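Dropping the structure in here first, questions after.
Values quoted throughout were computed directly from the atomic coordinates according to the rules given, and no laboratory measurement underlies them. Only a predicted model underlies this, so the values are computations on that prediction, with no experimental measurement involved. Reconstructed Cβ throughout: ideal geometry from the backbone, glycine too, with neighbour counts over all protein chains shown.
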Amino acid sequence: MHDSHNAGDVQVPIGPQHPSLKEPESFLLTLRGEKITSVDVILGYNHRGIEKACEERTYVQDLYLIERICGICSHSHSTAFVQAVEEIAGLDIPKRAKYIRTLVAELERVHSHLLWLGVAGHEVGFDTLLMYTWRDREIVMDLLATLTGNRVNYGINTIGGVRRDVTPEQAEEALKAMEKLEESTNYFIELASKEITLIKRLSGVGVVSNEDAVKLGAVGPTGRASGIQRDVRRDDPYAAYGELDFDVIVDNHNDVYGRTLVRVKELKESFKMIRQILKNMPDGPIAVKAPRKIPAGEAVSRYEAPRGEDMHYVRANGTDKPDRVKVRPPTLANIQVVAHMLKDRYLADMPIVIAAIDPCFSCTDRMISINNLDTKKKETVIWNKIRLMGIEHYKKQGIDFTELNKKFFMV
Amino acid sequence: MGTQLFNILIFPGLCFLFVFGLAAEFIDRKIYARLQNRVGPPWYQPLADFVKLLAKENIIPEEADVGVFKLMPVLALAGSVSAFLYIPIWGTRALFSFEGDVIVVLYLLTIPTLTYFLGGWYSRSVYSMIGAVRSLTQLFAHEVPLFMCILASALLADTWSLSDMAVFYSAHKGFLAFNMLGFAIALMSLLGKLEKAPFDIPEAETEIVAGTFTEYSGRFFALFRMSHDIEMVVASALLAAVYLPFGLTLGPVMGFILFIVKTLFIVALISLAHASFARLRLDQMIDLCWKYFAPAAFLQVLINLVIKGFLAK
């Protein structure tokens, strides 16, 4: 999205090291006055080669590696992976294990959304909100530590179930914590709907219309704030979600304010779900024995992470190590939207617009290297090129989406 | 001569302002922290920061204009310290006063903002330059309402001297009630002048790192911080002198204690604003100042003119 560069244009590097970014990533902004005329997003500073590393390790080792893809939605990644492996192995996991997985998943969503709210406050210079939300986030972090033994990487999943049971005392404690959290969440909802400087900074910023959100493939709260009715928990229920009663929060503000509302309201839905889980948790074993070697096969697993749909693909070849593991984290789907949202906005909106998709760059960074068979050279390619290559590949096989895309998106 | 030198350098001049500035910074940080449910720093933290910065290495960017880069912190400090000499402290009389010193004080208090611009601009870093331009843009928005509010009070007192204003308002306390709109507007404009939330746009750390001060380090940064603290107490003292001239006849000791209390009260209001507002955007800030503050300040001038008309009768 390069415009012609005028003499008055200033290039401002935001990142790879910058106070507004929590992880290294580079946004090269071109400014005319305070207005952003173009954005270059440069990914790749967090590339760790996790997918490749997974192929070198056994499934059980991979579980812990996959959990460390992200420091916030660690349970999301490990559940998505373990679900795929269980599907290939044909394991039917006990109901109680499903409930415990869902419990940890929802607690994780609560801590992730509270964290996001604080970060959003900080990005618009409202540090009081950061201090308040992170103070209350400690309640859920402590609860997670009691339930799983860890604050961040819970290590509760195992192939075939979960590793720790929930005692009645812990359930009691969790219910008490929910009350406290619900009270503070109500306060945050009131704050978000009344504090005028906050509303001024959030509304009308980072607008993505419903059509654009569909076209650019926005997922999670980013998509739902643009009116996309999509939530894997409801559309393709996994774990215990099929038995829970909850609403999918959708908002039509299309801006950062809408995304804030969606997240705060989702918090309340999570409390509702956690109460149901604790009340209806069935008795029984928490895990079944899983084979060390997983039979050959492949599976795709979808999971609604706090940031949106997380997708894992696993291909097994009959040994104790996977043949291929592919992770499509939610940020990768949402990063395309950011560049769209930043154009023609003010520099001051940049931090909050980037933060509004709740980016997790270390989840996202992938590298694709291609061995060119003709020139015997290795090359790295950018996202758009790989997309075009995909389209060409399917065209050769006689599958052409051009007409379909025209029909849907009027490109 | 000796007394004057003592007054300028020790009390109530440079040394006193140095201590009071650090104390005000502590109060600001402590209140801000308590409002955010944090513990906050110990009382000596601002002094510790200052001493530590003095001991740190000075790094001057290669591209920067060395002369301007070094001069600006000193000039900022000089501007805010000199302004204090014309503000009444414990009595109705300031250390120095003459007909027209209101203008001089307002002028001297503008100097720090100008030095932020020049210091940032000649740092030649992209963040500093954006911060510098923002400082200057903001200056044109907040100065007008602030000047008009103080001017309105001066109009009513029929004098251009802060000391004479203090005399007038001590004698006619009832008139202070008419200035309260002006006090509110002046306080909000002051937030812009001191670059405090919701108008801390030139220092927005999530956008432009530290704005003007991005390239400053060591001694020069320490001086800039000090001048910022002193600017805060001097500007608070100015508002206290104009809008809260109570107890000026109680003698030096009580008067001095009252002065500290009044100034810190205004500092506390600034911290309260810091804790309860998000940072506005530059365009929103300018809109706010020109659409609401400036007309309100103009209204204050009109009110005072009308009252003055009645007084003349």
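Counting partner chain Cβ atoms within 10 Å of every residue's Cβ in B:272-285, what's the average?
Averaged over the peptide's residues, the number is 6.
Over the whole of A:115-125, what's the average partner chain Cβ count within 10 Å per residue? Rounded to a whole number, please.
Average per residue, whole number: 3.
Determine Rg/Rh for the protein assembly as shown; Rg is computed over alpha-carbon atoms and Rh is the Kirkwood hydrodynamic estimate from the same atoms.
Taking Rh as the inverse mean 1/r over Cα pairs, Rg/Rh reads 1.06.
For a bin width of 5 Å, list the pair-distance distribution of the range A:12-93 built from all Cα-Cα distances, rounded to whole %.
Percent of Cα pairs in each bin: 3, 13, 15, 16, 12, 10, 9, 8, 6, 4, 2, 1, 0.
Could you work out which residue, out of B:Arg124, B:Arg34, B:Arg279, moves most in a Gaussian network model of chain B, that is, has the largest mean-square fluctuation with Cα springs under 10 Å?
B:Arg34
Would you please give the residues with an amide H less than 5 Å from that of A:Arg307, counting only those at least 5 places away or on a separate chain, with H modeled from the backbone geometry?
Result for A:Arg307 returns nothing.
Averaged over B:202-211, how many beta carbons belonging to a partner chain fall within 10 Å of each residue's beta carbon? Don't jump to the answer; show the numbers that get you there.
Numbers: counts 0, 1, 8, 7, 16, 16, 7, 5, 1, 0.
Per residue, the number of nearby Cβ atoms from other chains is 6 on average.
May I ask you to give the average projected area over all directions of the convex hull of the Cα atoms of chain A, in nm² rounded to one decimal?
Result: a mean projected hull area of 21.8 nm².
Nearest 10 degrees is fine. How inclined is helix B:218-243 to the longest principal axis of chain B, computing both from alpha carbons?
Taking Cα atoms only, the helix is inclined about 10 degrees.
Using Cα atoms only, what is the angle between the long axis of helix B:14-35 and the major principal axis of chain B, expressed in degrees (0 to 90) to the nearest 10?
80 degrees
Test of understanding: in a Gaussian network model of chain B with alpha carbons linked when under 10 Å, which of B:Leu114, B:Leu302, B:Leu269 would top the mean-square fluctuation ranking?
B:Leu302
Also: If you take the C-alpha gyration tensor of the range B:1-152, multiply each eigenvalue by 5 and take the square root, what semi-axes do you get, largest first, in whole Å?
27, 23, 19
Take chain A, connect every pair of alpha-carbon atoms lying under 10 Å apart with a spring to form a Gaussian network, then pick out the residue of A:Ser203, A:Ser362, A:Ser78 with the largest mean-square fluctuation.
A:Ser203
Apply the Karplus curve 6.51 cos²θ - 1.76 cosθ + 1.60, θ = phi - 60°, to the phi angles in the range B:37-47 and return the couplings in whole Hz, x for Gly and Pro.
Calculated HN-Hα couplings, in order: 6, 10, 6, x, x, x, 4, 8, 4, x, 5 Hz.
Kindly write out, for the range B:247-253 in residue order, the coupling ³J(HN,Hα) from the Karplus curve 6.51 cos²θ - 1.76 cosθ + 1.60 (θ = phi - 60°), rounded to whole Hz, with x marking Gly and Pro.
x, 7, 9, 8, x, x, 5
To test your reading of the geometry: what angle, between 0 and 90 degrees and rounded to tens, separates the Cα axis of helix B:126-157 from the longest principal axis of chain B?
Its long axis makes an angle of about 10 degrees.
For chain B, what Kirkwood radius comes out of the mean inverse Cα-Cα distance, in Å? Intermediate values should be presented prior to the final figure.
Values: mean 1/r = 0.0501 Å⁻¹.
Its Kirkwood hydrodynamic radius stands at 20.0 Å.
List, in the order given, every pair from A:Lys215/A:Lys377; A:Lys98/A:Lys176; A:Lys95/A:Lys279; B:Lys193/B:Lys262; A:Lys35/B:Lys70; A:Lys326/A:Lys385 whose Cα-Cα distance in the structure shown is over 24 Å.
Those over the limit are A:Lys215/A:Lys377; A:Lys35/B:Lys70.
Right, another one. Over chain B, calculate the relative contact order: mean separation of alpha carbon pairs under 8 Å at least 6 apart, over the residue count, as a percent. Kindly include the intermediate steps, with their values, before the conclusion.
Working: 495 pairs, mean separation 87.6, N = 313.
That works out to 28 percent.
Could you compute how fast the range A:19-59 diffuses translationally, taking Rh as the Kirkwood radius over C-alpha pairs and applying Stokes-Einstein at 10 °C with viscosity 1.306 mPa s? Give it in µm² per second.
121 µm²/s
For chain B, what is the mean residue ellipticity at 222 nm derived from helices alone (per DSSP H run of n ≥ 4: -39500 (n - 2.57); sum divided by total residues; nearest 500 deg cm²/dmol)?
About -23500 deg cm²/dmol.
Right, something else. At 15 Å minimum axial length over the Cα atoms and a Kyte-Doolittle cut of 1.0, report the qualifying DSSP H helices in chain A, or say none.
Helices meeting the span and hydropathy rule in chain A are A:330-342.
Cut-off is 10 Å between beta-carbons; in what order do A:His111, A:His75 appear when sorted fewest neighbours first?
Taking fewest neighbouring Cβ atoms as first place, the list is A:His111, A:His75.
Note down the nm distance, to one decimal, between modelled labels 7 Å out along Cα→Cβ at A:Glu190 and at B:Asn37.
1.4 nm
Share of antiparallel DSSP beta bridges in the protein assembly as shown, in percent to the nearest 5?
Bridges in the protein assembly as shown that DSSP calls antiparallel: roughly 100 percent.
Taking N as the number of residues in the range B:200-244, what value does Rg over Cα atoms divided by 2.2 N^0.38 Å take?
1.46
Could you put A:Thr167, B:Thr137, A:Thr58 in order, starting from the residue whose Cβ has the fewest other Cβ atoms within 10 Å?
Working: A:Thr167 11, B:Thr137 18, A:Thr58 15.
In order of increasing Cβ crowding within 10 Å: A:Thr167, A:Thr58, B:Thr137.
So what is the 222 nm mean residue ellipticity for chain A from helices alone, if each DSSP H run of at least 4 adds -39500 (n - 2.57) and you divide by all residues, rounding to the nearest 500 deg cm²/dmol?
Rounded to the nearest 500, it is -15500 deg cm²/dmol.
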